[in-house]
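Enquirer: The structure is given below, and queries will be raised subsequently.
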Amino acid sequence: MKQREFLDRAAARIDRANELIGRFTLWLAFAMAGLTFLVASLRYGLNLGWVFLQEGAVYIHAVFFMLAMGYALLRDAHVRVDVFYHEFDAARRAKVNLIGHLTLLIPVCIALVYFSAPYVWKSWTRLEGSQESGGIPALFVLKSLLLVMPLLLVLQALSSAWTNFRLLEASRRAPAPRPDQQDQSR
């Protein structure tokens, strides 16, 4: 029982962390739009441009999408090829999610970390910066998102897998609905 409580608390903390990160990234969308508007206004209105500002918009864009992936998984707002899923009951959806997280999402994230780590490490050892004069001298920080994103996704996938496992477990213990109690709307 203590293991289940520990896993429940761990899943809740992971969900909370991705929720907070997701709310932060929502504000980045406004910053990205504002900075893009500023860059375009300066460029086409005043014929002025700075590489630093242009790269800043790209950096914000990358941070927004890379960090928001765990939040999207938490909120079930990710892209899904939905042929039958929307017709499934909660238990069947939980089973599909559990299998998908454990056999597809987590292995792909582990592969991303495995193959990206040397690339990121090389960037950090050189403290790689922009190749453009006047650009942001922190490309190595941006490349670190190649490790952060899959780690956040794996944590959220584990949390979601545990939640789906608990849902499946509860559905097995629940008595089957009687025919007169089933949903007649189908």
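Enquirer: How many residues does region 96-134 contain that are touching a helix residue (DSSP H, G or I) at 6+ places or on another chain (Cβ under 7 Å), under 15 Å from residue 167 (Cβ atoms) and modelled with pLDDT of 90 or more?
Expert: Adding up the residues that qualify gives 3.
Enquirer: Then there is this: Among the numbered criteria (1) within 25 Å of residue 15 (Cα to Cα); (2) open to solvent by 40 Å² or more (accessible area, probe 1.4 Å); (3) at pLDDT below 90, which single criterion is violated by residue 71?
Expert: (3)
Enquirer: Residues of region 55-99 being part of a loop (DSSP other than H, G, I, E, B) and either in contact (Cβ under 8 Å) with a residue 24 or more places away in the chain or among the polar types (S, T, N, Q) (or both), which ones? Steps first, answer last, please.
Expert: Within region 55-99, the first condition is being part of a loop (DSSP other than H, G, I, E, B), and the residues that meet it are 75-84, 88-89.
Residue satisfying the conditions is 75 alone.
Enquirer: Restricting to region 147-172, count the residues that are among the aliphatic types (A, V, I, L, M), within 14 Å of residue 110 (Cβ to Cβ) and without any contact (Cβ under 8 Å) to a residue 60 or more places away in the chain.
Expert: Here the count works out to 3.
Enquirer: Something else: Before we move on, is residue 113 out of contact with any Ser or Thr (no Cβ under 7 Å at 6 or more places or on another chain) and either open to solvent by 30 Å² or more (accessible area, probe 1.4 Å) or free of Cβ contacts under 8 Å to residues at least 40 places away in the same chain (or both)?
Expert: It is true that residue 113 is out of contact with any Ser or Thr (no Cβ under 7 Å at 6 or more places or on another chain) and either open to solvent by 30 Å² or more (accessible area, probe 1.4 Å) or free of Cβ contacts under 8 Å to residues at least 40 places away in the same chain (or both).
Enquirer: Return a yes/no flag: does region 125-139 have any residue that is open to solvent by 90 Å² or more (accessible area, probe 1.4 Å) and either among the small types (Gly, Ala, Ser) or in a helix (DSSP H, G or I) (or both).
Expert: So far as region 125-139 goes, yes, one or more of its residues are open to solvent by 90 Å² or more (accessible area, probe 1.4 Å) and either among the small types (Gly, Ala, Ser) or in a helix (DSSP H, G or I) (or both).
Enquirer: Looking only at region 31-54, filter to residues that are part of a helix (DSSP H, G or I) and small (Gly, Ala, Ser); which one of those is surrounded by the most Cβ atoms within 10 Å (Cβ to Cβ)?
Expert: As a first pass, look at region 31-54 and keep what is part of a helix (DSSP H, G or I): 31-45, 51-54.
When the remaining residues are screened for being small (Gly, Ala, Ser), the result is 31, 33-34, 40-41, 45.
Details: 31: 15, 33: 12, 34: 12, 40: 13, 41: 11, 45: 8.
Selected residue: 31.
Enquirer: Quick check: anything in region 47-56 modelled with pLDDT of 90 or more, acidic (Asp, Glu) and over 21 Å from the mean Cα position of the chain (by Cα)?
Expert: yes
Enquirer: Could I ask something else about it? Those residues that are free of Cβ contacts under 8 Å to residues at least 12 places away in the same chain and of a type outside the set (S, T, N, Q), I need them from region 27-42; list them, please.
Expert: 27, 30, 33, 34, 37, 40, 42
The values are calculated or read from the model by the stated rules, or taken from the named source; none is laboratory data. As the structure is a computational prediction, the values presented were derived from the model and not from experiment. Reconstructed Cβ throughout: ideal geometry from the backbone, glycine too, with neighbour counts over all protein chains shown. Only protein heavy atoms, including side chains, enter the accessible area calculation; ligands, DNA and RNA are left aside. Shrake-Rupley method; radii C 1.70, N 1.55, O 1.52, S 1.80 Å.
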